[in-house]
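> Take this structure first; my questions come after.
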Amino acid sequence: MSGCCGHDAKFDGVSDDYKRRLWIVIAINAVMFFVEMGAGRLAQSQALQADALDFLGDALTYGISLAVIGASIQARTNAAMFKGISLLLVGLWVFGSTVYRIFYTEVPTAEIMGVIGFLALVANLASVLILMKYKDGDANVRSVWLCSRNDAIGNVAVMFAALGVWGTTTAWPDLVVASLMAGLFLSSAYQILTQALDERRAAETSQCELDN
């Protein structure tokens, strides 16, 4: 009965306030991609470059999330699935490039990693706080929250990696953190894809019941 009355419906992003917050977060992610990718290459840090790719992926997928707000359940789940697949590919790329770096290792510059990691952490914590009010919702909204949460976790990990590189003067802490971030990407991709598929099946079932 509650489902018929809409009590079980999840927030789908149709809110001017949510859209404004999403635009702000998109801008933060776009700027930080350029900052962190440049710093990652300069510092020879795999963890920083992995996190920079996450910033880019978030900026692009948040734009898609914004575009499909208010659209059909099929369009919204398609967007969520695209984001899930994108996270899957990023996770696989980070994992593969990290394995490569094991055999071709340069010690990253810990000081650059620490400074940029802290700057990225501030940016991501700001994004998390901006989106906190809307952390629960359909697969499309939920994927935005998961990506923002991943960023904050990833930047804390980068800070630890910088400390580890500085203390050991080896690249291993950087590579370990990059591997953990790859795992986080893959785990989030699974959650997003699973929820999107569940919502699509539920919508198809409801439509069949209405048709009958």
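> Excluding same-chain pairs closer than 8 in sequence, count the lysine pairs in the chain whose Cα atoms lie under 15 Å apart.
Counting lysine pairs in the chain gives 4.
> I'd like to know which of 167, 47, 18 lies farthest towards the positive end of the charge dipole of the chain, counting +1 on Cβ of Lys and Arg and -1 on Cβ of Asp and Glu.
Positive-end residue among those listed: 167.
> Once both axes come from the Cα atoms, what is the angle between helix 172-211 and the longest principal axis of the chain, in degrees from 0 to 90, rounded to 10?
10 degrees
> For n ≥ 4 DSSP H runs only, could you compute -39500 (n - 2.57) per run for the chain, divide by its residues and tell me the 222 nm figure to the nearest 500?
After summing the helix terms and dividing by residue count, I get -29500 deg cm²/dmol.
> Further question on the same structure: If I compute percent of Cα pairs over 27 Å apart from the structure I just sent, which labelled value in [x] 48; [y] 34; [z] 27 lines up?
The calculated read-out lines up with [y].
> What are the ³J(HN,Hα) couplings of region 109-121, residue after residue, when phi is run through the Karplus curve with 6.51, -1.76, 1.60 and θ = phi - 60°? Round to Hz, x for glycine and proline.
The phi angles translate into 7, 4, 4, 5, 4, x, 5, 5, x, 5, 4, 5, 4 Hz.
> In which sequence would 143, 97, 86, 148 go, from the one with the fewest C-beta neighbours within 10 Å to the one with the most?
97, 86, 148, 143
Read-outs: derived from the displayed coordinates by stated rules, not from any lab. Because the structure is predicted, anything quoted here is derived from the model rather than measured. All Cβ positions, glycine included, derive from the backbone under ideal geometry; neighbour counts span all protein chains shown.
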